[in-house]
Amino acid sequence: MIRPATPADIPEIHTLIRELAEYERALEEAKATEKQLHEALFGPRPAAYAHVATDDSTGAVIGYAIWFLNFSTWRGVHGIYLEDLYVRPTARGGGHGKALLTELARICVERGYQRLEWSVLNWNTPAIDFYQALGARPQDEWTVYRLTDEALAKASGTS
C-alpha cells in the first residue's frame, strides 16, 4: 500500500501534484515539471523524498507524500517537513493518507527525528479534521511568511 517512490512514478506524481494544486485553488502556481521532480527526488543531490500510496488490487498510484528534512535548533536534531500529502478523492477513506503519515512518523522515530510538521490551508476542514483525529495540533502562534517572484529578487538585491 505504501512504498518509496521510484523514478517510474514521476509522471503519476506530477499528475497528482497538479490535482492537489487544483483542489487548493492554485493550479496556476504549480509550475514544476517532471524533469524538475526527477532531479529533486532522484538526482545526484536529492532535495526531497517521496512515498506513494498504491491501490491494493491494481497497484496504481493513488496518493503521495513529498517530504524533506528540516532541523530544529532547539531540539538539536532533524525532523521531517511534509510538503505535500494527497490522496485522490476516489480513494479517500481507504486509509492511504493515514498510512502515508504513519510511514513518515515511523521514519522519524527510527532515525531519532523529533518532529513531523506540515502546513494546511485554513479553509481545508476535511484535512484539519483528519490531522486532528491523528493527534496533530496546530501551531497557532506561528505565521508562515514567504518571499517569491519579484519580492524574492528584490530581497536578494538582484533587481
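Among the residues of the range 83-109, which ones are of a type in the set (Val, Ile, Thr) and touching a strand residue (DSSP E or B) at 6+ places or on another chain (Cβ under 6 Å)?
Initially, the range 83-109 is screened for residues of a type in the set (Val, Ile, Thr), giving 87, 90, 102, 107, 109.
Matches in the range 83-109: VAL87 only.
Among residues belonging to the range 7-23 that are without any contact (Cβ under 8 Å) to a residue 12 or more places away in the chain and open to solvent by less than 70 Å² (accessible area, probe 1.4 Å), point out the one that is nearest to VAL61 (Cα to Cα).
Filtering first and then ranking leaves THR15.
Would you tally the residues in the range 89-117 being open to solvent by 50 Å² or more (accessible area, probe 1.4 Å) and over 19 Å from ASP129 (Cβ atoms)? First the steps, then the outcome.
Going through the range 89-117, the residues open to solvent by 50 Å² or more (accessible area, probe 1.4 Å) turn out to be 89-90, 92-93, 98, 102, 106, 109-111, 114-115, 117.
Retained after the next criterion (residues that are over 19 Å from ASP129 (Cβ atoms)): 90, 106, 109-111, 114-115.
Residues in the range 89-117 being open to solvent by 50 Å² or more (accessible area, probe 1.4 Å) and over 19 Å from ASP129 (Cβ atoms): 7 in total.
Table: residues versus (1) in contact (Cβ under 8 Å) with a residue 12 or more places away in the chain; (2) touching a strand residue (DSSP E or B) at 6+ places or on another chain (Cβ under 8 Å); (3) closer than 24 Å to MET1 by Cα.
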residue: VAL61; (1), (2), (3): yes, yes, yes
residue: ILE66; (1), (2), (3): yes, yes, yes
residue: HIS78; (1), (2), (3): yes, yes, no
residue: TYR81; (1), (2), (3): yes, yes, yes
residue: GLY112; (1), (2), (3): yes, yes, no
residue: TRP123; (1), (2), (3): no, no, no
residue: PHE130; (1), (2), (3): yes, no, yes
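For (1) more than 26 Å from LYS31 (Cα to Cα); (2) over 17 Å from the mean Cα position of the chain (by Cα); (3) not in a strand (DSSP E or B), each residue gets a yes or a no:
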{"site": "ILE107", "(1), (2), (3)": "yes, no, yes"}
{"site": "GLU110", "(1), (2), (3)": "yes, yes, yes"}
{"site": "LEU121", "(1), (2), (3)": "no, no, yes"}
{"site": "TYR131", "(1), (2), (3)": "yes, no, yes"}
{"site": "ARG137", "(1), (2), (3)": "yes, yes, yes"}
{"site": "GLU141", "(1), (2), (3)": "yes, yes, yes"}
{"site": "TYR145", "(1), (2), (3)": "no, yes, yes"}
{"site": "ALA151", "(1), (2), (3)": "no, yes, yes"}
{"site": "SER159", "(1), (2), (3)": "no, yes, yes"}
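Restricted to the range 24-58, and to residues that are in contact (Cβ under 8 Å) with a residue 40 or more places away in the chain and either part of a helix (DSSP H, G or I) or open to solvent by less than 30 Å² (accessible area, probe 1.4 Å) (or both), which residue is nearest to HIS96 (Cα to Cα)?
Within the range 24-58, the first condition is being in contact (Cβ under 8 Å) with a residue 40 or more places away in the chain, and the residues that meet it are 24, 49-54, 56.
After this cut, where a residue has to be either part of a helix (DSSP H, G or I) or open to solvent by less than 30 Å² (accessible area, probe 1.4 Å) (or both) as well, the list is 50-54.
Values: ALA50: 14, HIS51: 11, VAL52: 9, ALA53: 6, THR54: 8 Å.
Selected residue: ALA53.
Of everything in the range 124-159 that's of a type in the set (Lys, Arg) and exposed (fewer than 10 other Cβ atoms within 10 Å of the Cβ), which residue is farthest from GLY97 (Cα to Cα)? Steps first, please.
Step one: filter the range 124-159 for residues of a type in the set (Lys, Arg), giving 137, 146, 154.
Filter once more, keeping what is exposed (fewer than 10 other Cβ atoms within 10 Å of the Cβ): 137, 146.
Working: ARG137: 17, ARG146: 27 Å.
Within the range 124-159, the match that is farthest from GLY97 (Cα to Cα) is ARG146.
Can you go through GLY97, GLY79 and tell me which one is under 23 Å from TYR23 (Cβ atoms), of a type in the set (Gly, Ala, Ser), modelled with pLDDT of 95 or more and touching a helix residue (DSSP H, G or I) at 6+ places or on another chain (Cβ under 9 Å)? Give the steps one after another, and end with the answer.
Numbers: GLY79 fails: under 23 Å from TYR23 (Cβ atoms).
Answer to the selection: GLY97.
Here is a list: ALA53, ALA8, ALA21, ALA30. Which entry is among the aliphatic types (A, V, I, L, M) and under 21 Å from ALA105 (Cβ atoms)?
On the way: ALA8 fails: under 21 Å from ALA105 (Cβ atoms); ALA21 fails: under 21 Å from ALA105 (Cβ atoms); ALA30 fails: under 21 Å from ALA105 (Cβ atoms).
Step by step, each of ALA53, ALA8, ALA21, ALA30 is checked, and only ALA53 is among the aliphatic types (A, V, I, L, M) and under 21 Å from ALA105 (Cβ atoms).
When TYR86 is evaluated against the numbered criteria (1) touching a Gly at 6+ places or on another chain (Cβ under 8 Å); (2) surrounded by fewer than 17 Cβ atoms within 10 Å (Cβ to Cβ), which criterion, by number, is the only one it fails?
Of everything listed in (1) touching a Gly at 6+ places or on another chain (Cβ under 8 Å); (2) surrounded by fewer than 17 Cβ atoms within 10 Å (Cβ to Cβ), TYR86 misses just condition (2).
The values are calculated or read from the model by the stated rules, or taken from the named source; none is laboratory data. What you see is a predicted model; the values in this text were computed from it and never measured. All Cβ positions, even for glycine, are placed from backbone atoms using ideal geometry, and neighbour counts span all protein chains on display. Accessible surface areas use protein heavy atoms only, side chains included; no ligands, DNA or RNA. Shrake-Rupley method; radii C 1.70, N 1.55, O 1.52, S 1.80 Å.
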